[in-house]
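Worksheet for the structure shown next.
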Amino acid sequence: MSSKAKKKSRTSFGATAPPFIDYLQDILRRYPDGGQILKELIQNGDDAKATEVVFIHDERSYGTESLWTDELGEYQGPALYAYNNAAFSAEDWEGIQKVGRSVKRNDPNKVGRFGIGFNSVYHITGKITHIHILYLIVLVRLLVLKKTCLVTCFTRFYFTDVPSIFSSEHLGFMDPQEQIFGSGGFRLSLEDEEDQGVLMNMSDQFQPFQDIVSLVSGQKWSKVITEDQHFDGTIFRFPLRNRASKISDNLYDSNKVVELFDSFIADAELSLLFLKNVTSVSLIHIDVHGTVNTRLEVKSSVPSDVMLESEDTSVIKSSTAFKLITLNSEEHKESKWLVTACTLKEGNVENLDSLAKKLSFFPQVDLAFFCGEKRDNSESRLSCFLPLPNNESNKTGLPVYVNACFGLTDNRRHIKWQEEDQKHDEHAVWNELLMKEVLPKAYVQIIEDAIKLAQESTLPVSSVYDLWPDVDQIRHRQKWYAVSLDVLHHLFRQNVAVLSLAKDEKKFITVSEAVFPCNGPTSSDILAAIKRTLVSCGEKLVTLPGSVAGAIKEAYPHFSTLKYVTPALLRDILRRNGVHLISKEDKLSLLEFILSDGKYRELKGLPMLPLSDGSFRSFTDRDEDTALIDSDRFPR
């Protein structure tokens with residue numbers, strides 16, 4: 001036997017990465033198809049500081065004579081376009097390469113910091129390219145490598161579609177399977193004279209982009225290519241295809257694109273409420289004959305005449321303004337919202353500060369209140385810059401829509417909470433701290449600002465009460481019921497003047513100062529007489545909707561000390577102020593109320609006893625003041 005020991009062959013062992021196609025398939029299983037896809041594209045536009053986003057469903061088919069290669073004829077048919085008016089930056093290109101990660105994750109001001117969200121567009125393979133994220137990655141590389149083969153990176157992806165992108169100084173196509181170009185794709189540069197010739201002379205190939213550039217920007221193709229040598233915007237073209245890919249067999253035909261648009265339209269009014277930059281989103285359909293129809297145009301604006309800002313030097317910074325949303329679809333619709341943004345300053349909650357730095361999140365909560373006819377609170381729901389899916393877990397039951405830099409599940413469908421299996425999940429802890437430490441402060445702020453606007457007649461006084469959480473209606477939503485109680489406790493602890501006086505509705509007083517209407521069943525005539533009397537006597541009477549009265553009863557810490565209208569209180573007020581200015585009808589109504597507790601001895605001295613001649617005299621126990629009271633047995 002050899003002196004050298006024979007080495008035993010070993011089987012390799014260790015963690016390996018799953019094939020990328022499996023990764024994408026897993027994302028698609030978890031990530032919602034539908035209008036959320038368009039929202040993800042909007043958020044990327046918002047992060048790029050775009051103000052306008054346009055989606056175009058183009059059913060036209062273009063010529064196939066002058067193409068780069070005959071194989072591209074398959075992709076000259078119907079397509080979905082996504083346009084925004086911001087050109088790609090270097091950071092955008094970097095971020096779009098990192099599928100499943102995000103260069104935005106360290107910037108809490110970026111809506112799309114979650115990385116995976118943009119991958120939802122893979123749903124639109126079938127007839128809208130299901131896989132264009134990888135294509136965009138290729139295009140990014142193409143911008144770097146200039147017509148260089150990309151075999152190494154993409155031969156294992158088995159993609160057959162050919163999406164394209166036009167932004168800044170580049171227009172690129174990709175072919176990760178190398179079935180068309182013999183390489184992973186190519187890019188053209190608007191600054192290259194030879195490429196300019198291709199872009200100008202290969203008319204069929206670039207007619208789709210020429211038409212869309214003209215539609216969204218009004219610019220001539222020749223000027224953009226040869227004079228400007230720059231397109232100040234971004235256009236994605238996602239050709240529709242009818243062959244399933246290995247990544248998904250979810251094919252999109254024209255009907256599915258219509259459904260995609262419909263699902264977005266359902267949330268269109270809410271989609272611009274909390275975005276930082278995008279103020280206009282349009283959905284456009286172009287039929288086979290080239291007829292352009294705008295299915296939806298939604299715009300937001302912030303009037304400059306109303307802007308309330310406050311800065312508690314130690315705790316919060318807030319701003320409140322109106323936001324107008326105009327929606328043109330099958331009908332014209334306008335809505336007005338009161339929006340408050342509240343940021344907790346560093347140094348107030350240690351755990352929140354440390355998580356904000358660690359997660360690169362921002363301790364801000366925004367609240368939006370609809371200023372029109374009162375809406376059903378059960379429809380209010382959460383947003384993470386864009387509205388989260390309309391499911392029960394995202395509904396709050398509050399009269400405000402809540403937006404924050406929430407920690408979400410990786411498919412962006414739900415907020416993470418500290419459930420039994422997530423007690424130490426940092427994103428869940430962050431969300432709980434936002435709800436406990438920031439949301440109540442934001443809620444108190446929007447109520448205080450609504451009061452200021454009501455006093456200026458800019459907002460109806462009733463809106464102040466409409467802002468209060470309805471604890472009875474929200475009781476079954478355990479988490480949001482607890483949040484509501486927190487909000488009310490903050491409101492009462494700060495002793496905010498939140499109740500509108502019956503005498504002057506624009507004057508607000510604290511709960512402890514108020515005189516509340518009687519609790520028991522009482523006729524409307526008696527209630528009206530009591531109100532007139534107490535107001536004339538200068539009492540601080542308030543009138544409340546039932547939901548506000550219920551909230552005070554449930555959450556006010558010293559409820560037993562509050563002053564309610566009772567027969568005893570009214571007798572005392574009448575004794576102190578006299579009754580000479582009270583009408584006969586009101587005296588009779590008041591008499592019925594002060595008799596209702598059966599304490600007749602306390603009537604002594606009150607000139608409330610009606611006589612047959614229409615006058616009133618005092619109740620007394622003196623013989624000479626005896627009065628006769630008629631009855632069935634002894635009629636008048």
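Annotations
- Options 300, 318: the member that is part of a strand (DSSP E or B), closer than 30 Å to residue 448 by Cβ and in contact with a Leu (Cβ under 7 Å, 6 or more places away or on another chain): 300
- If you go through the range 65-89 and pick out every residue that is surrounded by 18 or more Cβ atoms within 10 Å (Cβ to Cβ) and outside any loop (DSSP other than H, G, I, E, B), you end up with 8.
- Residues of the range 339-370 that turn out to be surrounded by fewer than 20 Cβ atoms within 10 Å (Cβ to Cβ) and in a loop (DSSP other than H, G, I, E, B), as a count: 7
- Among the candidates 582, 552, residue that is more than 30 Å from residue 471 (Cα to Cα), surrounded by 13 or more Cβ atoms within 10 Å (Cβ to Cβ) and touching a residue at least 12 places away in the same chain (Cβ under 8 Å): 582
Quick grid of which residues meet (1) out of contact with any Ser or Thr (no Cβ under 8 Å at 6 or more places or on another chain); (2) not charged (D, E, K, R):
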residue	(1), (2)
414	no, yes
430	yes, yes
445	no, yes
460	yes, yes
471	no, yes
479	yes, no
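- Identity of the residue in the range 397-415, modelled with pLDDT of 95 or more and of a type in the set (Val, Ile, Thr), that ends up farthest from the chain's Cα centre (by Cα): 400
- Residue 274 vs. criteria more than 30 Å from residue 364 (Cβ to Cβ) and either under 28 Å from the mean Cα position of the chain (by Cα) or modelled with pLDDT under 95 (or both): no
- The number of residues in the range 563-620 being in contact with a strand residue (DSSP E or B) (Cβ under 9 Å, 6 or more places away or on another chain), among the hydroxyl-bearing types (Ser, Thr, Tyr) and closer than 20 Å to residue 541 by Cβ comes to 1.
- Within the range 223-262, restricting attention to residues that are open to solvent by 50 Å² or more (accessible area, probe 1.4 Å) and modelled with pLDDT of 90 or more, the residue that is nearest to residue 84 (Cα to Cα) is 232.
- Filtered residues of the range 479-489 (kept if of a type in the set (A, V, I, L, M, F, W, C) and crowded, with 18+ Cβ neighbours inside 10 Å): 480, 483, 487, 488
- Restricting the range 493-506 to residues that are in contact (Cβ under 8 Å) with a residue 24 or more places away in the chain and either touching a His at 6+ places or on another chain (Cβ under 6 Å) or part of a loop (DSSP other than H, G, I, E, B) (or both), the residue that is surrounded by the most Cβ atoms within 10 Å (Cβ to Cβ) is 498.
- Residues of the range 449-470 that turn out to be under 22 Å from the mean Cα position of the chain (by Cα) and in contact (Cβ under 8 Å) with a residue 60 or more places away in the chain, as a count: 10
- Scope the range 298-338; condition farther than 22 Å from residue 284 by Cβ, open to solvent by 90 Å² or more (accessible area, probe 1.4 Å) and either of a type in the set (Lys, Arg) or touching a residue at least 24 places away in the same chain (Cβ under 8 Å) (or both); matching residues: 317
- Among residues that are modelled with pLDDT of 85 or more, of a type in the set (Val, Ile, Thr) and closer than 25 Å to residue 283 by Cα, residue 51 is included.
- Checked against (1) in contact with a His (Cβ under 8 Å, 6 or more places away or on another chain); (2) modelled with pLDDT of 95 or more, residue 393 passes all but condition (2).
The values are calculated or read from the model by the stated rules, or taken from the named source; none is laboratory data. In this text, all values refer to a predicted model and were calculated from it rather than measured experimentally. With ideal geometry, Cβ positions are generated from the backbone for all residues, glycine too; neighbour counts draw on all protein chains shown. Surface accessibility is based on the protein's heavy atoms, side chains included, excluding ligands, DNA and RNA. Shrake-Rupley method; radii C 1.70, N 1.55, O 1.52, S 1.80 Å.
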